[in-house]
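Comments concern the structure below.
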Amino acid sequence: ATLLLPANYQSDRRYPLVVWVYGGSMLSANINRYGGSGNEHFNLQLLSSRGYAVLLPDTPLSMGTPLPDLAKTVLPGVDKAIEMGIADPDRLGVMGTSYGGYSTLALMVQTPRFKAAVMDVGIGNLSSHYGAMLKSGVPLGVGWAEEGQGRMGGPPWQFPERYVQNSPAFFLNKIETPLLITQGGMDVSPSQAEEIFVGLRRLGKKVVYVQYENEGHGVEHPGNRIDHWKRMLEWFASHLSASQQQSAR
């Protein structure tokens, strides 16, 4: 993993930790990339400069088991940051965009350890995403789900149980982490974010949904980027209390 230390880091303090996750990636290679994520909008120095440690873990995934694999690869990295005396185990957050949004949900349905989460343009139901179609008629989700990032190895009618077991949408009742969902209204499949929001709201979970009507698969307009980061920073600050640093020992 790559670990960004908070500004003015002191070795005798524990800090809130935010995990930036993107399943299937080797983010340890980003150690010399300014901002960590490799995504210009998600400059994670905006978190480290505000008192957060930021963990970017390697997350190798196998065909047919991306959801459990994410817990197996991410949580040991979190444990290590705690063992090193850097992360406060009671102030853990997680966030991701696109497949990283799926990865965020996948972790949330498997553990209550995270106290705040942000899912940006994410995916929660592999079965419904399989049927996503571009305006041109191109089936966006077929190749993605069968042999691409979805890692299902075939269509839903061939592996129905596999699609269910790897779709966070079927396990929303297990989520305890407050979630901020952000989504572009012009994205090819905003219904994925809406499906998660509707489910969590139906369950009475703490969830906020923000849609940027003139954005696609990501936030591009400067004004929206400012608003997006302001909301994310406020979300983590309200749940992780970055200013309340604790002694490591």
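The values are calculated or read from the model by the stated rules, or taken from the named source; none is laboratory data. What you are looking at is a predicted structure, and each value in this text was computed from that prediction instead of being measured. Please note: Cβ atoms are built from the backbone with ideal geometry, for glycine as well, and neighbour counts cover all protein chains shown. The accessibility values were calculated without ligands, DNA or RNA, using every heavy atom of the protein model including side chains. Shrake-Rupley method; radii C 1.70, N 1.55, O 1.52, S 1.80 Å.
Key figures
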item: MRE, 222 nm, helices only [DSSP H, n ≥ 4, -39500 (n - 2.57), over the chain, to nearest 500]; result: -9500 deg cm²/dmol
item: Proximal aspartates and glutamates relative to LYS135, as straight alpha-carbon distance under 18 Å, when same-chain residues fewer than 8 apart are discounted; result: ASP187, GLU213, GLU215
item: Where GLU146, GLU195, GLU213 fall by accessible area, highest first, once all protein chains stay in place (1.4 Å); result: GLU213, GLU195, GLU146
item: At 1.306 mPa s and 10 °C, Stokes diffusion of the range 124-249 via Kirkwood alpha-carbon radius, µm² per second; result: 95 µm²/s
item: Sparsely packed chymotrypsin sites (Phe, Trp or Tyr not before Pro) within the range 94-199, loop by DSSP, other Cβ within 10 Å at most 11; result: TRP157
item: Relative frequency of Cα-Cα separations exceeding 27 Å in the range 1-136, percent; result: 18 percent
item: Value of relative contact order over the range 30-172, rounded to a whole percent, pairs C-alpha under 8 Å and six or more apart; result: 19 percent
item: DSSP-loop trypsin sites (Lys or Arg not before Pro) across the range 115-183, with at most 16 other Cβ within 10 angstrom; result: LYS135
item: Mean Cα-pair separation over length for the range 142-224, i.e. relative contact order, pairs under 8 Å, 6 or more apart, %; result: 26 percent
item: Helix axis angle, 66-83 relative to the chain longest principal axis, alpha carbon, degrees; result: 0 degrees
item: Within straight-line cross-link reach of LYS115, aspartates and glutamates at Cα separation under 18 Å, skipping those fewer than 8 residues along the same chain; result: ASP79, ASP88, ASP90, GLU176, GLU234
item: D (Stokes-Einstein, µm²/s), Kirkwood Cα radius, the chain, 0.890 mPa s at 25 °C; result: 135 µm²/s
